[in-house]
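A.B. asks: If you scroll down you'll find the structure; I have some questions about it.
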Amino acid sequence: MVYCPECETDLDIDEDEVDEGAVVSCPECGTDFEVVTVNPVELKIVGEDEVEEDEDEDDADEEDEDEDS
């Protein structure tokens, strides 16, 4: 049984019916997830990596500004 990481709703995803990289949506909260692994099924919020990369770039920019001062 796979639960939505956001709202904990049972997503009713069968390991045999999904592939790695597939995108599934939670019917309750509407959040989209990418299937990272299928055995066991592991989900990651779509776009989560992009947000983390943006935050890392912002941190680096702030450090550069501090050094210039």
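Bear in mind that the values in this text are calculations on the coordinates, not laboratory data. In this text, all values refer to a predicted model and were calculated from it rather than measured experimentally. Cβ coordinates were reconstructed from backbone atoms using ideal geometry, including for glycine residues, and neighbour counts include every protein chain displayed.
A.B. asks: Under a plain spin-label model, where a point goes 7 Å from the Cα along Cα-to-Cβ, how far apart in nm are Val46 and Asp32?
C.D. replies: So the two model labels end up 0.2 nm from each other.
A.B. asks: Also, quick follow-up: Label points 7 Å out from Cα along the Cβ direction at Ser25 and Met1: separation in nm?
C.D. replies: Modelled inter-label distance: 2.5 nm.
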